[in-house]
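Comments concern the structure below.
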Amino acid sequence: MTRRNFIKWLIAAVWASILTLSALFMFRRFREAAGHENITKPATATPQVGMTEAKQATEDAGPLLSFFIISDLHVNSGISAQSNHLRKALDDIKTFRDKAQAIMITGDITDSGTPADYREFKNIMSQYELPRVYANMGNHDYYNVWIGKNGAWSQDTFPNGKTDAMARQAFTSMFNLEKPYHDVRLNGFHFILLSQETYVQEKPEVGEGAWYSDEQLNWFRSKMAENKDGKPVFVMIHQELPPVGQDGGNHMLIKAREFREILKPYRNVFVFSGHTHQDFTVNTEHYIKETFHWFKNSSIGIVMNTKYENVRKGAAQGLFVEVYTNKVVLRGREFSNRTWIKEADWAVPLSD
């Protein structure tokens with residue numbers, strides 16, 4: 001081969017290599033533009049996409065259980081405002097139809113626990129097709145001891161021929177219960193409703209606090225022990241808890257240290273209290289994370305600000321809870337205008 005021919009051959013070979021590399025580059029760009037995965041992409045990419053899709057599919061399938069929690073209805077046969085608030089709440093709740101499988105009431109169903117108050121409550125509830133309703137007692141459900149023969153408040157004649165036992169009987173008869181405290185399972189999820197068991201006619205020292213007997217607390221301990229699978233457990237109380245490490249007094253859960261000790265071994269426990277009537281829109285804590293998730297509900301009957309003033313007289317508030325496989329979503333509801341309350345919006349991840 002002459003020198004000139006060799007140079008021609010070398011140039012041609014170089015150009016052929018360049019064209020080959022260019023073709024490979026363009027082919028690769030074409031594959032990427034067409035959506036083909038890079039063959040050097042890490043093998044972990046596919047499982048990550050699958051996990052995301054599975055999580056999205058779970059949420060798209062909807063919640064495993066949904067329910068309302070309402071508190072402090074304060075139905076009073078002689079005052080129409082609270083009854084009207086309850087009707088507004090039920091008018092809203094019924095529009096959810098099968099999207100709500102239960103209604104939980106965390107105490108103070110009535111203003112004074114009189115037969116007339118309970119008749120008013122029953123009359124209102126009977127006008128609606130609702131999901132199952134469950135309730136516990138609040139301090140106001142014991143207030144019949146303060147009501148005199150003329151139906152008015154009569155502190156001087158306390159207990160006005162009434163007893164705390166009569167208050168318990170009125171409540172258990174209304175909800176067809178053997179005891180004021182009870183539990184239920186809904187769609188496989190455990191609900192435990194604890195109840196104040198006595199008031200000042202039997203135990204003057206309890207004041208407006210929630211006193212639980214040893215029998216009830218032992219029952220509570222045994223019920224919690226049934227939950228070993230890590231699924232969410234929902235515990236209903238009425239009065240709020242004192243600071244951690246303390247027992248409560250007036251307006252609080254009295255045997256709070258034992259209550260917390262019972263819950264400590266378990267994950268994914270949600271506790272709901274009422275009693276304080278605090279507006280979801282005011283600057284106060286409605287969610288406190290301890291070893292459990294504690295939510296302080298507002299009120300149907302009388303919503304109050306931080307000074308315990310009823311300035312928004314038309315407000316009627318509660319919680320809507322949705323349970324998913326990996327989280328619990330809780331939203332405050334303003335029943336008076338059927339809107340969600342932006343200040344009360346939580347998504348709590350569940351622990352494995």
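The values are calculated or read from the model by the stated rules, or taken from the named source; none is laboratory data. None of these values were measured; they are calculated from a predicted model. FYI the Cβ positions are ideal-geometry reconstructions off the backbone, even for glycines, and counts take in every protein chain you see.
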Restrict the check to segment 260-267 and report whether at least one residue is closer than 28 Å to MET166 by Cβ and in contact (Cβ under 8 Å) with a residue 40 or more places away in the chain. no
Matching residues in segment 304-330 - criterion: being closer than 24 Å to PRO243 by Cα and aliphatic (A, V, I, L, M): MET304, LEU319, LEU330
Is segment 256-278 home to any residue that is in the same structural domain as GLY314 (by TED's automatic domain parsing), part of a loop (DSSP other than H, G, I, E, B) and of a type in the set (Ser, Thr, Tyr)? yes
Which numbered condition ASP117 misses (of (1) in a helix (DSSP H, G or I); (2) among the acidic types (Asp, Glu); (3) within 23 Å of the chain's Cα centre (by Cα); (4) farther than 24 Å from PHE295 by Cα): (3)
Residues satisfying the stated conditions in segment 331-352, i.e. touching a His at 6+ places or on another chain (Cβ under 9 Å) and in a strand (DSSP E or B): GLY332, GLU343, ALA344, TRP346, VAL348
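Quickly run through segment 156-181 and pick out the residues that are among the acidic types (Asp, Glu) and surrounded by 16 or more Cβ atoms within 10 Å (Cβ to Cβ).
The answer is ASP164, and nothing else.
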